[in-house]
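So the structure is just underneath, and the comments pick up after that.
The values are calculated or read from the model by the stated rules, or taken from the named source; none is laboratory data. Because the structure is a prediction, the values reported are computed rather than measured. Note that each Cβ is placed from the backbone with ideal geometry, even for glycine, and that neighbours are counted across all protein chains shown. All accessible areas refer to the heavy atoms of the entire protein, side chains included, with ligands and DNA or RNA removed. Shrake-Rupley method; radii C 1.70, N 1.55, O 1.52, S 1.80 Å.
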Amino acid sequence: MNSEPTTSATEDPATQTTASDASLVRLQTRAAQRARGDNGRFIRVAPELDATVDQELPADRFLDREISWLQFNERVLQLAADPLVPLLERTRFLAIFASNLDEFFMVRVAGLKRRIATGLAVRSASGLEPREVLDEISKAAHELMQVHAKMFQQHIRPALGDVGIRIVRPGEWTEDDRAHLNKLFRNRIYPVLTPLAVDPAHPFPYISGLSLNLAVVLINPKTGREHFARVKVPPLLPRLMALPAAEDEDELYDARFVAIEDVMAEHLQYLFPGMEVREHFTFRVTRNEDLEVEEDDAENLLTALEKELTRRRFGPPVRLEVADDMDDHVMDLLVRELNVRDDEVYRLPEPLDLRGLNIIADLDRSELRWPPFLAKPHPDLAPVERSAQSDVMAAVRAGDILLHHPYDSFSTSVVAFIEQAANDPHVLAIKQTLYRTSGDSPIIDSLIDAAESGKQVLAVVEIKARFDEENNITWARKLERAGVHVVYGMVGLKTHAKLCLVVREENGEMKRYAHVGTGNYNPKTARLYEDLGLLTCDREVGEDLSRLFNQLSGMAPRSKFKRLLVAPRSVRTGLLEKIHRVTDAAREGKTARVQIKVNSLVDEEIIDACYRASMAGADVDIWVRGICSLRPGVPGLSENIRVRSILGRFLEHSRVFRFVIDGADGPEEDIVYIGSADMMHRNLDRRVEALVRITDPKHIATLAALLDEGMSDETSSWHLHGDARWERHNLAPDGTPLRDLQSDLVATYAKRKRKARRR
């Protein structure tokens with residue numbers, strides 16, 4: 001493996017971020033890059049000697065997906081370390097890193113451990129045995145978490161203090177602070193605390209996943225015996241509590257916070273009167289919280305899921321985070337009682353659980369944030385009179401509308417489309433998929449209004465959307481009570497497609513209006529996630545959606561589609577067919593190109609097809625936010641493949657697939673799809689996903705320009721190399737920042753809207 005610049009846990013991570021090749025930790029070892037034989041030894045096998053190896057492609061062509069995900073989270077951490085990013089946004093990235101890693105352990109690590117325990121785990125496509133994958137994860141996670149904690153302590157926290165935002169530890173409390181916190185503890189915190197002792201009459205208590213806890217060592221002054229107790233930090237109280245401004249502080253701008261666990265620790269004598277509090281330490285447990293619901297055996301999926309959610313609380317531990325000053329005897333007690341291995345213990349400087357930094361990131365300090373941004377209506381949906389509301393369906397009748405959120409307003413497009421359909425007396429039916437949405441969403445209210453007014457309303461609700469299950473169950477029941485036909489998709493498949501179909505009577509005929517998107521019907525995340533959507537009344541799309549909804553709600557297993565590709569039947573095969581056409585064209589000497597923008601690229605068949613396209617001479621551009629198991633830039637295999645990743649103000653979430661063949665006399669083909677599917681096994685094999693073909697030449701040109709700009713060397717991004725190393729390119733050779741794609745798009749879409757208003 002080529003050498004790469006790294007920053008160890010003891011080095012200063014912030015000083016590395018101004019270099020174009022910044023990397024915080026070494027996440028890819030040689031072990032994770034080499035093929036393995038059946039005996040587990042490293043091998044270099046000639047393809048003709050091993051029938052199990054593709055005869056054209058090398059055995060070590062896949063990067064490990066788990067390590068690739070950790071590299072993605074490292075990129076998040078690099079944004080937190082970047083002095084060019086506004087301070088409160090850097091603080092937010094620290095919180096995002098912590099939240100991401102929690103989910104990774106709860107799902108990916110927990111799932112891998114479960115498969116190992118049951119004997120179902122197999123060697124990964126990268127060639128690693130399951131236990132080796134766990135070892136690689138452990139090494140990388142330990143180092144990343146140390147860098148994360150020290151970045152907060154050594155850089156973000158002092159920088160916040162410089163602008164009047166302080167997290168005040170007990171040694172810094174004034175007498176006025178102590179008086180205020182004493183009152184706060186007695187009135188708000190003490191009444192909800194439940195201290196749990198450990199002795200022969202009190203077994204070691206259950207520690208819920210992701211809860212923050214105090215491990216308290218007590219001494220009985222009469223007997224001199226040592227006792228242990230656990231106090232849980234109340235999850236419904238703010239993690240960081242605001243302190244009144246000091247007399248010498250400017251109340252308008254300065255802010256002081258105290259961690260709730262510090263307040264609890266300073267008042268432990270109230271919880272254990274008559275006992276001596278000798279020591280206290282914070283700790284936190286992460287448990288397996290991935291759900292397993294046997295749908296075939298469940299007469300009612302809703303009931304089965306509710307039972308499984310109850311069991312989730314008691315999943316086995318997969319990680320133990322402890323304060324780095326915890327005594328060994330307390331550590332031994334926790335390790336023994338929680339049944340965790342030594343390599344599952346993470347000693348970190350306090351405070352633990354930096355998700356709580358979201359409270360600080362939410363402060364109203366505009367000078368410490370990205371410039372304010374307010375999405376405006378799409379030009380085709382902008383009303384002539386400002387006080388009026390655009391007629392969405394009338395606009396769609398004039399032509400397809402390509403939406404790009406958050407630059408195009410979600411509320412004046414998608415939400416308005418569904419609201420107007422619900423209130424339109426000519427609309428007879430609304431059918432919609434719902435994967436993740438907010439409980440107070442106007443979309444839910446519109447579906448309820450439509451049902452109560454007598455319209456046929458179908459909601460295909462995915463109640464198994466990970467970590468949104470309880471919310472989805474709540475509003476699924478709310479929809480059912482209002483008369484909405486609620487179904488939960490197809491047995492064994494999650495419904496991840498983003499679809500809405502409206503049937504309207506016009507001049508005695510039925511006309512179908514549709515929205516096909518890449519993002520969830522969630523007005524809140526639509527302001528933060530970059531997504532695409534198509535509003536259309538095209539007859540073929542309407543017919544395709546009618547067939548698909550009939551398949552989801554009834555029995556239509558042999559449905560065929562014209563402008564849609566639908567997983568699990570035709571997304572992979574359809575995309576492979578398009579890649580193969582590009583490959584054949586390149587072999588014929590034509591200029592040919594594949595461009596893919598996804599969150600994750602893992603599927604081996606898609607990756608191998610991209611390799612073959614590259615070997616045939618086609619250019620392959622991959623724009624991926626998170627995981628990428630493809631190895632670009634390898635001579636003879638993938639030298640025509642480029643992989644880029646862009647992270648920033650908005651979460652890049654759209655999926656775009658473009659296939660271009662140029663003939664001698666000009667373009668022969670330029671085929672573009674957008675949709676919900678990532679290139680992962682679960683999306684292509686175990687989910688209902690939908691991609692729609694874009695046909696309007698203006699829209700194709702818009703998406704082509706987006707893909708080209710995202711892949712441009714003039715755009716700030718991370719580049720993946722063949723040795724599995726991600727290299728950040730954010731500075732030009734003269735040290736000036738490269739173009740920020742998202743900032744450019746904010747400006748571009750604003751100009752487009754101003755021009756539209758002048759016409």
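Side notes on the structure shown:
- Taking a point 7 Å out from the Cα of residue 708 in the direction of its Cβ, none of the residues of segment 635-663 has a backbone N less than 13 Å from it.
- Calculated log₁₀ intensity ratio I(q)/I(0) where the Debye formula runs over C-alpha points of segment 489-543, q = 0.23, 0.24 Å⁻¹: -0.93, -0.96
- Å² of accessible area per residue within segment 546-695, as computed with a 1.4 Å probe and no ligands counted: 35
- With each label modelled as a point 7 angstrom along the Cα→C-beta vector, the residue 223-residue 162 pair spans 5.5 nm.
- Share of carbon and sulfur in the accessible heavy-atom surface of segment 576-675 [1.4 Å probe, %]: 44
- Cβ-derived FRET efficiency at R0 45 Å, residue 453 paired with residue 743, nearest 0.05: 0.55
- Rg/Rh for segment 651-759, where both radii come from Cα atoms and Rh is the Kirkwood radius: 1.03
- Farthest toward positive dipole pole in segment 657-725 [+1 Lys/Arg, -1 Asp/Glu at C-beta], among 690, 667, 720: 690
- Estimated distance in nm for a label pair at residue 723 and residue 588, the labels positioned 7 Å out from Cα along Cα-to-Cβ: 4.0
- Highest to lowest packing among 721-727, 510-516, scored as the average C-beta count within 10 Å: 510-516, 721-727
- Remark: segment 338-380 carries 52 Å² of accessible area per residue (probe radius 1.4 Å; ligands, DNA and RNA excluded).
- Ordered from largest to smallest accessible area (heavy atoms of protein chains, 1.4 Å probe), the residues 712, 645 come out as 712, 645.
- Fraction of accessible area attributable to carbon and sulfur, segment 101-201 (%, probe 1.4 Å): 53
- In this structure, the pairs whose alpha-carbon distance is over 32 Å, taken from 113/578; 455/597; 139/498; 498/578, are 113/578; 455/597; 139/498.
- Sulfur and carbon atoms: percent of accessible area, segment 473-563 [1.4 Å]: 48
- Net length available on complete extension from residue 397 to residue 270 is 38.8 nm, with 0.36 nm assigned per residue and the Cα-Cα distance removed.
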